[in-house]
1. What distance in nm separates the simple spin-label points at L24 and Y2, each placed 7 Å from Cα in the Cβ direction?
2. Taking the chain as a Gaussian network, Cα atoms linked when under 10 Å apart, which of L24, L11, L36 shows the biggest mean-square fluctuation?
3. How large is the charge dipole for the chain, taken about the Cα centre, if only the Cβ atoms of Lys, Arg (+1) and Asp, Glu (-1) carry charge, to the nearest 20 debye?
4. May I ask for log10 I(q)/I(0) of the range 2-46 at q = 0.20, 0.21, 0.31, 0.32 Å⁻¹, from a Debye sum over the Cα atoms as equal point scatterers with solvent left out?
Amino acid sequence: MYLLETDPDVLSYQSQPRSIFYTLDNRKRRYNPDFLVERRSKKLLIELWL
C-alpha cells in the first residue's frame, strides 16, 4: 500500500473492491481480489501472493 500511496500515477485504490463469481467443477464460486487500482491509463485488479 505504501507503493500505491507514493506512486504519482495512481489515482485511487480500494481493498477487496468486489466479488467475481464463476463456476468451476459445476460449483459456483466467489473470488475477491485484494485491490482495485485506478491508474491514469488503466484500472487493475491485483492479487498479492505471499
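Derivation of every value follows stated rules applied to the coordinates shown; laboratory data play no part. All values reported here derive from a predicted model rather than from experimental measurement. Here the Cβ is made from the backbone with ideal geometry for all residues, glycine too, and neighbour counts use every protein chain on show.
1. The modelled label-to-label distance comes out at 3.2 nm.
2. Of the options given, L24 has the highest mean-square fluctuation.
3. In debye, rounded to 20, the chain gives about 380.
4. Per q value, in the given order, log10 I(q)/I(0) is -0.65, -0.69, -1.07, -1.11.
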